[in-house]
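Below is one structure, written out as structure tokens; the observations come after it.
Every number here is computed from the coordinates shown, using simple stated rules; none is lab data. Quantities reported herein were computed from a predicted structural model and do not represent experimental measurements. Virtual Cβ from ideal backbone geometry, glycine too; neighbours counted across all protein chains shown.
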Amino acid sequence: MPDLRRDHHCGELGTPQIGQTVTLNGWAHRVRDLGGLIFIELRDRSGVVQVAFNPQETPEAHALAAQVRSEYVLGVRGVVRRRPEGTVNPNLKTGEVEVAGEALEILNPAKPLPFPIADEEIHVEESTRLRYRYLDLRRAPMQRLLELRHQVTSAVREFLNGEGFWEIETPLLMKSTPEGARDYLVPSRVNPGEFYALPQSPQLLKQTLMVSGVERYYQLARCLRDEDLRADRQPEHTQVDMEMSFVTRDDIFDVTERLWQHVFRKTLGVELALPFPRLTYAEAMARYGSDKPDLRFGLELVDVSSLVAETEFKVFAATVAAGGQVKGINAKGCGSFSRKEIDDLVEMSKEYGAKGLAYVIVEAGGLRSPIAKFFREEQLAALAAAMNAEPGDLLLFVADQPEVVANALGRLRVHLGRQLGLIPSGEFCFLWVVDFPLFEYKPEEGRYTFMHNPVSAPHPEHLPLLEAGWHTDAAPGSPAHPWTQALSLQYDLVLNGSEVASGSIRNHRAEVQKQIFAILGMDPGLAGFLLEAFEYGAPPHGGIAPGLDRIVAIMGGADSIRDVIAFPKTASATDLMMGAPSPVDPKQLQELHIRVVPPPGAKQD
RNA sequence: GGACCAGUAGCGUAGCGGUUUAACGCGCAUGCCUGUCACGCAUGAGAUCGCGGGUUCGAAUCCCGUCUGGUCCGCCA
């Protein structure tokens, strides 16, 4: 370590330290060489302070200071003094004082940087930031996010420890499962031809821990999935994985709500109101067309099926007759949209699966629309009334099967909310979505699959529907089928339109779990050991797994979860800093008993 | 797997209705400058216009392909 070892941090200096000799270590944030005087802004994690070097007072230090460039690493000793009259910098936390540099040591020079560290508002290609992630993380906005994430995890641990949870680690080398997401595989050298899988989540193991009598478990667990990426999806993400025994759904809601209340209070000073509102899945889909509705704005979906069933507009009438529905949203004040703007919305709704988007412009004199001619006067009036239409509004309608309508209008709703600036910033709108269907019918596979995961328990009163499903006359997938009707004790936590946690009360009775596997046509596979464990006294249990990356990103106002992950991957799952993934030495492959068969057209080395 | 957007000195951009020494700001280098704080002033270096092919007398500019990054759909909790 250098001679000049720090005894203070840059950002903590102020008028109370005036007169003290301090030693600082840090980076040259900005350098201003006036020919005589040299000012160096010195930065460490705590902040920035100005150091002044005077050629008359300390010629040696001054001569060295003249060599300092941006981001040189320095040791500085000097006396804290009040800045001369008129030179106080109100933009700097330490701006009332400066350090009169007496001794300077260059601990390490730095090459000119690929992008500036000192400017907070920089526009640099994200690939450049990722290539030089160590420099990107040096920037103040990124440091703030790193610190926020640290504070959040620390508050999470503090709270859960206080509630009697035990933090327990589970293995990274697990067993592959065919269902759900694609696994990352790790070849076994010792067992030729066999593979481990990296965990998609510790789901089965945390349930196993309940059988072990742990009662309250948590882990900041890394979860890995080999699927395509998005702005809010990385190949590895972190969950606050929790599981509890002898609890009801409300117990889990209560702990989770108080957890985030504690975290928001400790880290942001924001007071969350409890309890969080709840919506059933059915209501969320009906009113917002989404199972993760953003409640920070309105634009709710309105069902007008009954109003249009008898009209001459065949698209609407036929859809309703065929068991579909017609729903609309009222884009308030968008009646002035240009033809192109409306066409864009139509195009977008098609992207989201709708066959089309009907629109009606509300004018003072009446309704203007290409489809108006198919409606009688009173039908139009009823439609306008149902949509709460006022002159200047734009009404948008989709007719289709309920899932399609919900998806298209739900996404259109979010798009319009953003486009119209209806979404207030700085608000944190949590809500529970409850009563998810237990199963989901996949027409293309002709079978039922699980909605969330296969371990979610059915609603107790829907338990008989499991058995009834084997004997029904109802067509698979139809609304009348018992398995379509069965609701589960699964729940999601939604924050500002993002799903930030998911959980359920689990099946703890082996026969119920086996029944569900049978309905899903699933081999228990990996879960076999859990089923066995259930036969040795499994407590009722349930849990939840909040996604840390998404929550921290929302808390910190980051655009992407990449900004709250220290070393994230690109959209093609590569790491631009370390250059992963990469080919490996043939010897390594040999040891693993693996031969690579490149796809046709792949790049050769 | 598909759609769209972007790629021009270290960074951010302009040029893209074809022909110029490829322009501007920041950064960098050198010199000057003793109260600056995005210091200032002057001079200068720095670009095979992502890559490959094609059209043309002539391509950063038009066409095709490809790579990389991003957003979205599919996929995924």
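Seen from A:G392, the other residues with C-beta closer than 15 Å to its C-beta sum to a net charge of -2, counting Lys and Arg as +1 and Asp and Glu as -1.
Report the FRET efficiency, 1/(1 + (r/R0)^6), for A:T570 and A:L526, where r is their Cβ-Cβ distance and R0 is 30 Å, rounded to 0.05.
Details: r = 31 Å, r/R0 = 1.02.
It comes to 0.45.
Whole angstrom only: what separates the Cα centroid of segment A:402-430 from the Cα centroid of segment A:131-181? Segment A:402-430 and segment A:131-181 have Cα centres separated by 29 Å. With Rh defined as the Kirkwood radius, the inverse of the mean 1/r over Cα pairs, the Rg/Rh of segment A:10-108 is 0.92. Set the Cα radius of gyration of segment A:343-436 against 2.2 N^0.38 Å, with N its number of residues, and you get 1.25. With contacts taken as Cα pairs under 8 Å and at least 6 residues apart, chain A reaches a relative contact order of 13 percent.
If the chain linking A:E427 and A:L92 were pulled fully straight, counting 0.36 nm for each residue of separation and taking away their Cα-Cα distance, it would gain 117.8 nm. Computed on segment A:430-538, the Cα convex hull volume stands at 121 Å³ per residue.
Couplings for segment A:102-110, taken from phi via the Karplus curve 6.51 cos²θ - 1.76 cosθ + 1.60 with θ = phi - 60°, read 9, 10, 9, 9, 8, 7, 5, x, 9 Hz in order; Gly and Pro are left as x. Evaluated at q = 0.07 Å⁻¹, a Debye calculation over the C-alpha positions of chain A (equal weights, vacuum) places log10 I(q)/I(0) at -0.62.
Note on A:L420 and A:R296: the model spin-label points, each 7 Å out from Cα along the C-beta direction, lie 1.6 nm apart.
With N counted as the residues of segment A:244-367, its alpha-carbon radius of gyration over 2.2 N^0.38 Å works out to 1.50.
D by Stokes-Einstein for segment A:160-199, Kirkwood Rh over Cα pairs, 25 °C, 0.890 mPa s: 200 µm²/s.
When each of the peptides A:189-198, A:275-284 is scored by the mean number of other C-beta atoms lying within 10 Å of its residues, the order from highest to lowest reads A:275-284, A:189-198.
Could you give the angle, 0 to 90 degrees to the nearest 10, between helix A:402-419's Cα long axis and the longest principal axis of the Cα atoms of chain A? Orientation of helix A:402-419: about 30 degrees from the principal axis.
Hand me the chymotrypsin sites (Phe, Trp or Tyr not before Pro) from segment A:381-431 located in a DSSP loop with no more than 16 other Cβ atoms within 10 Å, in residue order please. Counting only loop positions with at most 16 other Cβ atoms within 10 Å, the chymotrypsin sites (Phe, Trp or Tyr not before Pro) in segment A:381-431 are A:F428. The charge dipole of segment A:10-108, taken about its Cα centre with unit charges on the Cβ of Lys, Arg, Asp and Glu (plus for the first two, minus for the last two), comes to roughly 220 debye.
Taking the longest Cα principal axis of chain A as reference, the axis of helix A:140-162 is set at about 60 degrees. Computed over segment A:462-605, the alpha-carbon pair-distance distribution with 5 angstrom bins reads 2, 7, 10, 10, 11, 10, 11, 13, 13, 9, 4, 1, each value a whole percent.
Counting only DSSP beta bridges with both residues in segment A:10-108, the antiparallel share comes to about 95 percent. The value of relative contact order for segment A:199-290, using C-alpha pairs under 8 Å at least six residues apart, is 21 percent.
DSSP beta bridges in chain A, what fraction antiparallel, as a percent rounded to 5?
Antiparallel: roughly 95 percent of the beta bridges in chain A.
Label sites at A:Y536 and A:A309, each approximated as a point 7 angstrom past Cα along Cα to Cβ, lie 5.8 nm apart.
Within straight-line reach of A:K340, meaning a Cα separation under 26 Å, sit the following lysines at least 8 residues removed in sequence or on another chain: A:K314, A:K327, A:K332, A:K350, A:K355, A:K373.
Qualifying trypsin sites (Lys or Arg not before Pro) in segment A:58-114, where qualification requires a DSSP coil assignment and no more than 15 other C-beta atoms within 10 Å, comprise A:R69.
Extending 7 Å from Cα along the Cβ direction at A:D250 and again at A:S560 yields two label points whose distance is 4.4 nm.
Sparsely packed loop sites in segment A:353-426 (the trypsin sites (Lys or Arg not before Pro) outside DSSP H, G, I, E and B with at most 16 other Cβ atoms within 10 Å) comprise A:K355, A:R376. Ignoring aspartates and glutamates fewer than eight residues from A:K587 along the same chain, the ones with Cα atoms less than 16 angstrom from its Cα are A:D605. For segment A:10-108, the relative contact order is 34 percent, taking Cα pairs closer than 8 Å that sit 6 or more residues apart in sequence and dividing their mean separation by the residue count. When only the Cβ of Lys, Arg, Asp and Glu is charged (+1, +1, -1, -1), the dipole of chain A relative to its Cα centre reaches about 1060 debye.
To the nearest 20 Debye, how big is the dipole of segment A:309-391 about its Cα centre, given +1 on the beta carbon of each Lys and Arg and -1 on that of each Asp and Glu?
Roughly 140 debye for segment A:309-391.
Taking a point 7 Å out from the Cα of A:E167 in the direction of its Cβ, the residues of segment A:524-568 whose backbone N falls within less than 19 Å of it are A:544-552, A:565-566.
If we count every other residue with Cβ under 10 angstrom of A:V433's Cβ, Lys/Arg +1 and Asp/Glu -1, where does the sum land?
Surrounding charge for A:V433 is -3.
Averaging Cα coordinates gives a centre for segment A:44-73 and one for segment A:517-557; these two points are 57 Å apart.
The calculated FRET efficiency for A:A480 paired with A:A382, based on their beta-carbon distance and R0 = 25 Å, is about 0.25.
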